[in-house]
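Taking it in order: structure first as structure tokens, then the write-up.
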Amino acid sequence: MTQAKRDRVAPISIFFLFYISRIVITLTNVQSISIGYMKTDILISVLSAMGITLIMALPAIYCYRKHKNPFDVKWVGFFYSIYFVYLAGVNISRFSYFASTTLNPNSRAWMFSAIIALCALYGAYLGIEGLSRFSTFGFALLVGSILVALLCSLKNYQEINLYPVIVNDNEGILKNILFMSGNSSEIALFLCLSKKVNGKAVKPYVWSVIASFFTIFILLLFVVAVMGDSATLHTFPIYTLFQLSKIGLFERIDVLYISCWIFGIFIKSVLLVYCASISFKPMKKSTKCIIFAVLAFVVAMCLTELVDINTVSPVIYVIPFAVFCIIVPILTLILKKRNYGDELVEKF
């Protein structure tokens, strides 16, 4: 009985993990998932992206309910492991870019990438249970820090900065909706981790999408209202929002932002490397964790040392998302036979 419950997490832990995974995208370089001017119409894109994200998740949700998981096919799982490693490298490169250009310009990006990759290796080896416990603390820190920053920004909130509402053209708004909904990995993570949940996995996923997009909406609302037209000029506008926030004589609210980002990037990197290791069936767990952590570091180095990550098109994130989060689940629904073994386990 104890063995049956091992390596499983509660539904609330899945909510925490997916919420943090989505928020980390916005805490990093938000300009990498949007184009044009950062004005009020970006809020329209956020709300629209939330609805589209939930719609695009329907094939994966039906896969879960019909007991047709693409990860049951070994060669499909292999390609998903490559996808997760690629995403881990992308997220590590974003943090390294921020740390090496803003936090400590005298440091090299590869140092921060190596640290995060090592942490991802260690966390992935410990497994999903340890990560779920850590995510509870990370969620509390993240939400608490955001609330503090928003409350401290109220005095700088200027409604006039929200006008004019529409600045970007229709094409720009549609691209922002596409990039914000497609720059994500939670649908693939949902399929991968659905068997690791002690209970139903759909509700935690859906609520994590709603809660995370609502948080993103509030953050960007304050960014536009506080910073006005200058928000577009900043590479890290949310970091700047934290810098402008103050509590009396305490002027280093940006420390909260840095702490949130460190915890968030650690949790997401561990989650992606862990999912890559369980998606690839052969080899021992420790060997897989080492290989995938090293590969994630290599991807991060390619994006920071060989190219300028700040100029990389969001299309390189959207296309893999469309393949692994939409097309593969749809093909699984059509072509794969129902897994009656999972259905019996669920009932009994």
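Worth pointing out:
- In this structure, ASN176 does not satisfy being of a type outside the set (Lys, Arg), assigned to a loop (DSSP other than H, G, I, E, B) and either open to solvent by less than 20 Å² (accessible area, probe 1.4 Å) or closer than 23 Å to PHE84 by Cα (or both).
- Annotation note: of SER259, SER279, the sole residue that is under 25 Å from ALA296 (Cβ atoms), crowded, with 17+ Cβ neighbours inside 10 Å and hydroxyl-bearing (Ser, Thr, Tyr) is SER279.
- Just one of the listed residues (ILE55, ILE61, ILE14) is of a type in the set (A, V, I, L, M), closer than 29 Å to LYS337 by Cα and without any contact (Cβ under 8 Å) to a residue 24 or more places away in the chain, and it is ILE55.
- Of all residues in segment 165-188, those that are closer than 25 Å to PHE18 by Cα have Cβ atoms under 9 Å from Cβ atoms of residues that are assigned to a loop (DSSP other than H, G, I, E, B) and of a type in the set (A, V, I, L, M), 6 or more apart or on another chain, in LYS175/ILE35; ASN176/ILE35; PHE179/ILE35; GLU186/ALA57; ILE187/ALA57.
- For segment 133-163, a tally of residues being part of a loop (DSSP other than H, G, I, E, B) and open to solvent by less than 80 Å² (accessible area, probe 1.4 Å) returns 1.
- Some residue of segment 89-96 being of a type outside the set (Ser, Thr, Tyr), in a helix (DSSP H, G or I) and more than 25 Å from MET180 (Cβ to Cβ): no
- Condition met for SER81 (at pLDDT 90 or above, closer than 20 Å to SER184 by Cα, buried (at least 22 other Cβ atoms within 10 Å of the Cβ) and not charged (D, E, K, R)): yes
Yes or no, residue by residue, for (1) under 21 Å from ALA276 (Cβ atoms); (2) assigned to a helix (DSSP H, G or I); (3) at pLDDT 80 or above:
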position: THR304; (1), (2), (3): yes, yes, yes
position: ASN310; (1), (2), (3): no, yes, no
position: VAL318; (1), (2), (3): yes, yes, yes
position: ALA322; (1), (2), (3): yes, yes, yes
position: VAL328; (1), (2), (3): yes, yes, yes
position: LEU333; (1), (2), (3): no, yes, yes
position: LYS337; (1), (2), (3): no, no, no
position: LEU344; (1), (2), (3): no, yes, no
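- Residue list for segment 90-132, restricted to those being of a type in the set (Phe, Trp, Tyr), over 29 Å from VAL9 (Cα atoms) and open to solvent by less than 40 Å² (accessible area, probe 1.4 Å): PHE98
- The one condition from (1) open to solvent by 10 Å² or more (accessible area, probe 1.4 Å); (2) modelled with pLDDT under 90 that THR28 does not meet is (1).
The values are calculated or read from the model by the stated rules, or taken from the named source; none is laboratory data. Just so you know, these numbers come straight off a predicted model, no measurement behind them. Ideal geometry is used to build each Cβ from the backbone, glycine not excepted, and the neighbour counts take in all protein chains shown. Side chains included, ligands, DNA and RNA excluded: accessible areas come from the protein's heavy atoms. Shrake-Rupley method; radii C 1.70, N 1.55, O 1.52, S 1.80 Å.
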